[in-house]
Amino acid sequence: MEPRLVHLKKRKEFLRVAAAAKKFVTPSLVLQARARDEAEAGAPYPFRVGFTVSRKVGNAVIRNRVRRRLKAAAEQVLPEHAPGNNDYVIIGRRAALNRPYASLVDNLIKALDSFSAERSEKKSAPGAKQSKHSSTKIVP
């Protein structure tokens, strides 16, 4: 049996990830990501993940169903696609309830790939700035 995911549990951990301002929106979920600093990087786990579904999505039964589907997708995708030394918060949206599971997994992979691509761009060009409207780098 595969090891279970390590979860974010405290409110301040969720807020720390939200403050990092790395957010990737897909039709069924929102992925917030935060690279851990050097003091936290020595932890025995490569990443941590938290799940949240707001009351706007529906009643408790619907929210729990969305959360369970997101957890199942995360357990399948994160060990292979998530860059290490990061914290993730997955926010469930109403569309996650009725979307096919394969589409849910695909949305999570796309969000993780976006985060990975953004991290690699920053590492490759520390002095370059990224324009909001184009994919070209602006060098000062």
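Computed from the coordinates by the stated procedures, all read-outs in this text should not be read as laboratory data. Because the structure is a prediction, the values reported are computed rather than measured.
From the cross-link list LYS10/LYS56; LYS9/LYS71; LYS71/LYS110, which pairs have alpha carbons spaced over 19 Å apart? In this structure, LYS10/LYS56 exceed 19 Å between Cα atoms.
Work out how much length ARG11 to LYS23 would gain on full extension: take 0.36 nm times their residue separation and subtract the Cα-Cα distance, in nm to one decimal. The partial results should precede the final answer.
Numbers: separation 12, 0.36 × 12 = 4.32 nm, distance 1.79 nm.
Gain on stretching ARG11 to LYS23: 2.5 nm.
Could you grab the Rg to Rh ratio for the stretch 5-120? Cα atoms only, Kirkwood for Rh. Spell out each step's value before the answer.
Details: Rg = 13.4 Å, Rh = 14.2 Å.
Rg/Rh for the stretch 5-120 comes to 0.95.
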